[in-house]
1. Got at least one residue in region 27-40 being surrounded by 11 or more Cβ atoms within 10 Å (Cβ to Cβ) and in a helix (DSSP H, G or I)?
2. Which residue pairs have Cβ atoms closer than 8 Å, lie 6 or more positions apart in sequence or on different chains, and pair a first residue in region 80-94 that is closer than 16 Å to VAL63 by Cβ with a second residue that is surrounded by 11 or more Cβ atoms within 10 Å (Cβ to Cβ) and at pLDDT below 90?
3. Looking only at region 32-52, which residues are under 18 Å from SER15 (Cβ atoms) and under 15 Å from the mean Cα position of the chain (by Cα)?
4. If I filter region 49-57 for residues that are modelled with pLDDT under 90, surrounded by fewer than 17 Cβ atoms within 10 Å (Cβ to Cβ) and assigned to a loop (DSSP other than H, G, I, E, B), do I get at least one hit?
5. So which of GLU5, GLU87, GLU64 is among the acidic types (Asp, Glu), part of a helix (DSSP H, G or I) and open to solvent by less than 70 Å² (accessible area, probe 1.4 Å)?
6. If you go through region 107-115 one residue at a time, do you hit one that is of a type outside the set (Ser, Thr, Tyr) and either at positive phi or at pLDDT 85 or above (or both)?
7. For region 10-26, which positions are surrounded by 13 or more Cβ atoms within 10 Å (Cβ to Cβ) and not in a loop (DSSP other than H, G, I, E, B)?
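The values are calculated or read from the model by the stated rules, or taken from the named source; none is laboratory data. Note that the structure is predicted; figures quoted are calculated from it, not measured. Quick reminder, even Gly has a Cβ in these numbers, built from the backbone with ideal geometry, and neighbours come from all protein chains shown. The area values use the complete protein model at the heavy-atom level, side chains included, leaving out ligands, DNA and RNA. Shrake-Rupley method; radii C 1.70, N 1.55, O 1.52, S 1.80 Å.
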Amino acid sequence: MRISELARAAGVGISTVRFYERRGLVVPTTRTHGGYRHYDPEALKRLKFIRRAARLGFTLTEVEQLLSASTTPDVGDVVTGKVAEIEQRMRDLDRVRVALLDVAENGVQDQCPVVAALSD
């Protein structure tokens, strides 16, 4: 598929595909004599993975490390660090959830519980 088809299928702009291509994350399989890039289904799969990982909070560097996991045996540190970060975020979100439930039930008292939860 051409770059415009790949971008459309992945729900991103052509400039995004080119950016990921410059980073080496998505690579065209061939080029036509006219210079058009052609991508295989694996490129679409990788592009969708990159977008999902970004939505989940992975940095582009972390995505690069995860994608190179098949050739880099040291990906464990990245994964372990990300798990710790996610667990901390879950604890923070749970505090905010409890604070929001408190506001819904009791209204705002002296100090907003949401502000207090985010200040801890």
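1. The answer is no, given that none of the residues of region 27-40 is surrounded by 11 or more Cβ atoms within 10 Å (Cβ to Cβ) and in a helix (DSSP H, G or I).
2. LYS82/PHE58; LYS82/GLU62; GLU85/GLY57; ILE86/GLY57
3. ARG46, LEU47, LYS48, ILE50, ARG51
4. Looking through region 49-57, at least one residue is modelled with pLDDT under 90, surrounded by fewer than 17 Cβ atoms within 10 Å (Cβ to Cβ) and assigned to a loop (DSSP other than H, G, I, E, B).
5. That would be GLU64, the only listed residue that is among the acidic types (Asp, Glu), part of a helix (DSSP H, G or I) and open to solvent by less than 70 Å² (accessible area, probe 1.4 Å).
6. Yes; the residues of region 107-115 include at least one that is of a type outside the set (Ser, Thr, Tyr) and either at positive phi or at pLDDT 85 or above (or both).
7. ALA10, ILE14, THR16, VAL17, ARG18, PHE19, TYR20, GLU21
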